[in-house]
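One structure below.
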Amino acid sequence: MTSLLVLNGPNLNLLGQRQPEIYGTETLMDVEASCLAHAQRLGCDVSCFQSNHEGALVDAIQAAKGTHDGIVLNAGAYTHTSIALRDAIASVEIPVVELHLSNVHAREEFRHRSYIAAVSIGLICGFGSHGYLLAMDALKKHLDVRV
């Protein structure tokens with residue numbers, strides 16, 4: 001059975017509280033519940049993990065090799081700063097879909113640069129929490145075509 005890791009970075013534990021006009025009112029628990037339900041519809045297993053710490057996210061990416069077939073990654077602000085996350089993704093050779101709740105290209109200029117994009121199979125942004133389901137769909141289709 002296909003196994004996906006939904007990985008969330010810094011401040012996503014504050015979903016529903018932090019800038020709801022940008023990030024929405026759903027909590028991270030709501031998002032994870034939606035991902036679990038969607039995984040059942042897709043016939044996949046899914047694990048969810050969130051950390052505010054860059055090293056913990058690197059560890060999760062490295063641990064995914066041999067355990068998960070693909071990763072949905074909302075790296076939050078680390079998207080724009082972390083070469084370590086980029087290198088971890090490149091090292092494990094697992095397909096990654098980069099995800100953002102907001103349309104980062106319609107926001108501050110510093111959010112327009114992604115270190116993750118170059119090592120991802122695609123990017124979904126601007127669709128709020130529904131983006132997680134879109135990312136899971138895209139990743140599952142990508143994995144099914146590869147088989």
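The values are calculated or read from the model by the stated rules, or taken from the named source; none is laboratory data. Keep in mind that this is a model prediction, so the values were computed, not measured. When we count neighbours, we look across all protein chains shown, and the Cβ atoms used for this are built from the backbone with ideal geometry, even at glycine.
Assorted remarks:
- Residues of the range 43-59 classified as of a type outside the set (D, E, K, R), surrounded by fewer than 19 Cβ atoms within 10 Å (Cβ to Cβ) and more than 21 Å from Thr79 (Cα to Cα), total: 1
- Val96 vs. criteria out of contact with any strand residue (DSSP E or B) (no Cβ under 6 Å at 6 or more places or on another chain) and of a type in the set (Val, Ile, Thr): no
- Residue check, Glu109 modelled with pLDDT under 95, loosely packed, with under 15 Cβ neighbours inside 10 Å and farther than 24 Å from Leu14 by Cα: no
- Restricting attention to the range 60-77, the residues that are of a type in the set (Val, Ile, Thr) and surrounded by fewer than 19 Cβ atoms within 10 Å (Cβ to Cβ) total 1.
- Per-region count, the range 56-69, residues touching a helix residue (DSSP H, G or I) at 6+ places or on another chain (Cβ under 8 Å) and without any contact (Cβ under 8 Å) to a residue 40 or more places away in the chain: 3
- Matching residues, the range 3-35, being surrounded by fewer than 18 Cβ atoms within 10 Å (Cβ to Cβ) and within 20 Å of Asp144 (Cβ to Cβ): Ser3
- Cys35 passes every criterion in (1) out of contact with any Phe, Trp or Tyr (no Cβ under 6 Å at 6 or more places or on another chain); (2) under 13 Å from Val6 (Cα atoms); (3) hydrophobic (A, V, I, L, M, F, W, C) apart from (1).
- Strands (runs of 3 or more DSSP E) (entirely within the range 70-132) containing at least 3 residues that are without any contact (Cβ under 8 Å) to a residue 60 or more places away in the chain and within 10 Å of the chain's Cα centre (by Cα): 96-100
- Residues in the range 20-67 that are outside any loop (DSSP other than H, G, I, E, B) and among the acidic types (Asp, Glu): Glu21, Asp30, Glu32, Asp45, Glu54, Asp59.
- Scoring Glu98 on the criteria (1) at pLDDT below 95; (2) surrounded by 19 or more Cβ atoms within 10 Å (Cβ to Cβ) leaves a single failure, condition (1).
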